Structures are given as structure tokens and as C-alpha cells.
1. Count the net charge of all other residues whose Cβ sits under 15 Å from the Cβ of Leu43, scoring Lys and Arg as +1 and Asp and Glu as -1.
2. Which whole-Hz ³J(HN,Hα) couplings does segment 129-137 yield from phi under the Karplus relation 6.51 cos²θ - 1.76 cosθ + 1.60, θ = phi - 60°, glycine and proline marked x?
3. Please report Rg (one decimal) and Dmax (integer) in Å for the Cα set of segment 1-70.
4. Enter the Cα centre distance for the pair segment 75-153 and segment 1-38, rounded to the nearest angstrom.
5. Taking just the alpha-carbon atoms of segment 51-171, what radius of gyration and Dmax come out, in angstrom?
6. Write down the accessible area per residue of the chain in Å², having rolled a 1.4 Å probe over the full set of protein chains.
7. Report the full-extension gain for the segment Cys54 to Ile78: residue separation times 0.36 nm, less the Cα-Cα distance, to one decimal in nm.
8. Against the empirical 2.2 N^0.38 Å scaling, what ratio does the C-alpha Rg of segment 121-171 come to?
Amino acid sequence: MYLSIFAAYKIYKVIPDARLSFALMILITIAASIIAVRLNSMLVAVFGIIGGYCTPIMLSVGTADLPGLFSYVLILGIAVICIAKYKDWKILNALSFVFTYGLYWGAMDKFYTDSDFVVAIVFISLFFLLFAAIPIMNNIIHKQKSNTLTLIGMFFNAAVFFTSAFYIIDG
């Protein structure tokens, strides 16, 4: 479905507006998330998350809108937390982590200017808090003790945050 919307917008020009294409892809992501939880299908959730994170890449018009992009990515991360409340699918958390920081770094590399400092530091902090909340939530809701993999994930989250924040502040 994601590729159909992409082709209808970018290739065949059937959908004339990027915002409409974006809205349709958001609806597909929401539907995939709901279906995944209701049918207990991690594969559907993985496809939904990958499609959701690839949406801004597929519909990119080449201009900088860092607050819009980072807000969208943050909302996707919150959606992953909502799914994690019902299902303990660690692969979703890992995919969200990789795509969130990948999109963040990609956008920063391509579009960052000194005037974007506040936006960049605020969102990297929010992403850090988001991924710090997931293992805490698993401990509380699913009553799981932290294992080595969880601790490694928490370390990577902190390392990515401090490295990114240092890079932004130092620049």
C-alpha cells in the first residue's frame, strides 16, 4: 500500500499533493498498527513501522522542515510505545530506535544550520527520553527484569544521545 501511494504521487502524478499522500500513508501506518495488535501479528507491525518511517523519505521534496520531520518521528516512536504496552515485541523497539536516530542524523547532515540548534537539541533529548521509557515501561507493565540485551539498548541510547548532543553543541 505504501508503494502504491508513492507511485501514485511521485511516478504517475495521480495524487497531486504531497500532504494527501502523507495523510494516506499515515492512515496505512495506523491501520497496520491496529491490525498487528488485534491479530497478534508482529510481521504486520514490522511492515507498518518500516513503512511509517520510510514515508518522509519516499515523499521528500528536498526542503528542510526539521520540526515537522522530527515531530512526525516522535509520534511514530510514541506509537511504538503504545504497541509495546500491549505486545512485548523487542524487534519493534529496535527498529524504531534505528530508524529514529537514522532519520535524525540524515536530516541533520543534509539540512542542519546553526539556526536549528534549539530544534535539534530539544528533539534529540525527546528521542532519548522516549527510548529510555521503553525498558522502564517493560519493567513496570510486563513485570520483566532487565536483561543484558535491555541494558545494552539503554547504553546505546545514552551513547547516541550524548554523542549527538556533543556534536550539536560543539558545532
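The values are calculated or read from the model by the stated rules, or taken from the named source; none is laboratory data. These numbers were taken from a predicted model, which means no experiment stands behind them. Methodologically, a virtual Cβ is constructed for each residue, glycine included, from the backbone with ideal geometry; neighbour enumeration extends over all protein chains shown. Each accessible area value is taken on the protein alone, full model and side chains, heavy atoms only, with ligands, DNA and RNA left out. Shrake-Rupley method; radii C 1.70, N 1.55, O 1.52, S 1.80 Å.
1. +3
2. 4, 4, 7, 6, 6, 4, x, 5, 5
3. In order Rg, Dmax, the Cα atoms of segment 1-70 give 12.8, 38 Å.
4. Result: 23 Å between the Cα centres.
5. 14.8, 44
6. 57
7. 7.0 nm
8. 1.29
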